[in-house]
Structures are given as structure tokens and as C-alpha cells.
């Protein structure tokens with residue numbers, strides 16, 4: 001008995017590419033403790049794509065993919081948690097996040113309900129992931145002067161895009177009975193292509209990320225500690241810190257961290273952060289960058305023959321992109337335009 005030839009549609013090719021990207025990511029990232037959550041997320045995605053592919057080709061008797069939608073959200077949340085809080089690695093207790101997916105397998109015949117609950121679950125877990133990332137972004141601004149290179153904005157944008165895609169998928173599922181066959185297929189194909197691009201984005205983004213901040217937990221614990229110190233004390237302490245930073249030209253150090261100042265002064269990093277926030281009315285990153293920009297402007301005016309990038313690097317900026325971004329954020333103008341405005 002000869003088997004009928006398998007006809008691969010464009011959407012099936014896209015699914016195979018998603019499977020390839022997932023397997024590639026697992027092979028590249030496995031064994032790295034900080035990326036165990038991402039490996040898990042790619043494994044869940046690979047299984048979801050595989051079952052979806054087999055279901056469309058009628059190779060499996062029951063639908064597993066709807067239940068897998070309840071595993072996608074938890075896996076992404078655990079990826080973000082392990083990434084920004086490496087002191088909380090994956091543990092057996094995290095299995096509880098996947099219990100709803102296991103329960104949903106027994107209700108495979110109720111596809112609509114399972115998919116709806118799965119979409120809600122994904123949106124909730126994505127929101128929790130974004131909350132973690134927002135805390136991370138705040139922490140790096142308060143603790144590191146080179147916060148630009150530590151940012152995970154690309155990950156936040158990918159998660160926002162994924163949230164939008166989930167909403168669109170829910171809309172597609174509800175409109176499906178009323179749409180022409182061709183439109184349904186085209187819509188589904190476009191959704192799968194976007195998902196493929198998102199998967200590739202996760203892999204490329206994490207590979208290109210130069211460094212990740214390690215002290216989110218310490219920052220959060222410091223924030224919980226209340227202080228009865230007055231605003232006058234904050235201003236006084238900030239004045240002392242500001243004098244030290246300027247006198248020792250600490251801002252010229254490209255990867256200056258709050259802990260570096262704490263080591264020099266003998267003060268607690270929490271108190272220094274509080275003094276800069278309350279006494280200086282700014283974040284640590286913005287404070288250091290203000291000093292660097294002032295240094296750039298001064299050097300550019302006194303040494304107009306020097307390349308601006310060389311001056312920026314000497315002033316503590318780590319790259320041209322971070323210099324341009326910070327300068328425009330602080331002054332509202334690109335560096336060259338701002339310097340020309342000073343000449344006129």
C-alpha cells in the first residue's frame with residue numbers, strides 16, 4: 001500500500017521554519033544557566049508547532065495545540081524571570097504554571113473554550129513579564145551609568161507585538177465562520193509569518209545583548225527599606241557625592257556603577273541612590289550622563305579640531321550610538337546641531 005504524497009502549503013513551510021528556529025535556539029543556548037528559561041520557551045514553541053503541523057496533516061487523532069496555548073504564557077514569563085533574576089532559576093515548583101495546560105488536554109474537544117482561556121492566560125503572563133522588565137529598566141537607570149547597553153527594550157517590543165498578535169488571533173478565531181475560505185487562509189498565513197519573525201527576533205536579540213544587569217533583586221529590596229531622613233539631608237548628601245564624582249572625574253569611567261561610588265565613599269548604595277533621586281531630582285544614569293555631556297561640550301569648544309566621537313569616548317560614553325541617543329535625550333538636539341547652536 002503506497003502512502004499518499006504530502007502536499008506542503010506555504011503555511012506548513014512557515015511552520016517548519018519555526019520548528020527549525022526553535023531547535024537552533026535550543027542547540028545554541030542550552031547549558032547556559034541564564035538562558036534556561038528561553039530554552040524552555042523555545043521547547044514549548046517547538047512542540048506547539050510540531051503538533052500543529054501534524055494536526056493539519058491529519059497525523060494525530062486529537063488536537064493538542066489548543067492546550068499548548070496554556071503553556072506558552074508561562075514559558076515566556078519564566079524566560080523573563082530567569083533572565084532578569086538569575087538568582088531564581090527554574091525549579092520543580094515552576095511546574096505548577098503548566099498544570100492548566102495538562103488539564104486542558106482532557107478538554108481537547110472544546111477547542112473554542114480552550115483557545116479563549118489560553119489567549120487570556122498568555123495575555124496575563126505577558127503582562128507579568130512586562131512588569132518585570134519595567135522594574136529591570138528602572139533598576140539599571142538607578143544603578144548603572146551605562147544603562148543604554150543593558151536595556152532590554154527590544155524584548156519589551158517583542159512582547160508587546162506578541163500581545164497584539166494574540167488579540168488578532170482571538171479576533172480571527174471568532175470571525176472565522178463568517179470569512180471566505182481564501183481570506184481565512186491568508187490571515188492565518190500572515191499570523192504564522194509574524195510569529196516566525198518574533199521567534200527569530202527573540203534569538204537574535206538575546207545573542208546580540210552585550211550584558212544583562214544582575215542586581216535587580218538587591219535594587220528591589222533597597223526600595224522597600226523606608227527612610228525617615230529629610231529632604232535637606234538628601235540635598236546635603238547629594239552635594240557631597242556630586243563633589244566627589246566631579247573632583248575624581250568618576251563619570252569618565254564608561255561602565256561606572258553605583259557600587260563603585262559606594263566603595264569609594266563607604267556609603268550604602270541604597271543611600272547614594274536615594275540622595276541622587278531626592279537631592280538631585282534625577283536618576284543615577286541621567287546624572288552621570290549630564291556630567292558627560294557637559295564634558296563633551298567643554299572639550300568640543302576648547303578642541304574644535306578633534307573628532308566629536310573621540311571626545312565622547314574620552315568623556316565616558318561607550319559607543320557612538322549611546323552618545324547620540326543620550327545627547328539628544330538630554331538636550332533635545334543631535335550633538336552637531338547643538339554645538340553649532342552654541343557658536344551662533
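The numbers here are math on the coordinates, done by the rules we state, and not lab data. Please read all numbers here as calculations on a predicted model, not as lab measurements. Note that we place each Cβ from the backbone using ideal geometry, even for glycine, and neighbour counts take in every protein chain shown.
Using a ≥ b ≥ c from the Cα gyration tensor of the range 10-208 (square roots of the eigenvalues), is it rounded, prolate or oblate, where a/c under 1.5 gives rounded and otherwise the larger of a/b and b/c decides, a/b for prolate? Walk me through the numbers on the way to the answer.
Values: a/c = 1.78, a/b = 1.63, b/c = 1.09.
Cα axes put the range 10-208 in the prolate bin.
I'm checking a number: the convex hull volume of the Cα atoms of the chain, normalised per residue, in Å³. What is it?
208
Compute the angle between helix 153-175 and the longest alpha-carbon principal axis of the chain, please, reported from 0 to 90 degrees and rounded to the nearest 10.
Value to nearest ten degrees: 30.
Contact order normalised by length for the chain, with contacts defined as Cα pairs under 8 Å and 6 or more residues apart; what percent is it?
16
Can you sort 35, 181, 77 so the residue with the fewest Cβ neighbours within 10 Å comes first?
On the way: 35 21, 181 7, 77 25.
Lowest to highest Cβ neighbour count: 181, 35, 77.
Angle check, please: helix 65-84 long axis (alpha carbons) against the longest principal axis of the chain (alpha carbons), in degrees 0 to 90, nearest 10.
20
Report, to the nearest 10°, how far helix 36-56 tilts away from the longest principal axis of the Cα atoms in the chain, using its own Cα long axis and a range of 0 to 90°.
So the inclination is approximately 30 degrees.
First check a/c for the range 207-344, with a ≥ b ≥ c the square roots of the eigenvalues of its C-alpha gyration tensor; if it is under 1.5, answer rounded, and if not, answer prolate when a/b is larger than b/c or oblate otherwise.
On the way: a/c = 2.20, a/b = 1.65, b/c = 1.33.
Here the range 207-344 falls in the prolate category.
Could you give the length gained on full extension between residue 259 and residue 109, defined as 0.36 nm per residue of separation minus the Cα-Cα distance, in nm? Working shown, then result.
Numbers: separation 150, 0.36 × 150 = 54.00 nm, distance 5.65 nm.
Extra length available between residue 259 and residue 109 comes to 48.4 nm.
Where does each of 30, 93 land when they are ranked from fewest to most other beta-carbon atoms within 10 angstrom?
Details: 30 13, 93 7.
Sorted ascending by nearby Cβ count, the order is 93, 30.
In nm, give the distance between the simple-model label positions of residue 325 and residue 131, each being 7 Å from the Cα along the Cα-to-Cβ direction.
Simple spin-label model gives 2.6 nm for this pair.
Working out 0.36 nm times the residue gap between residue 197 and residue 157, then minus their Cα-Cα distance, what length gain in nm do you get to one decimal? Kindly include the intermediate steps, with their values, before the conclusion.
Numbers: separation 40, 0.36 × 40 = 14.40 nm, distance 1.28 nm.
Contour length minus Cα-Cα distance gives 13.1 nm.
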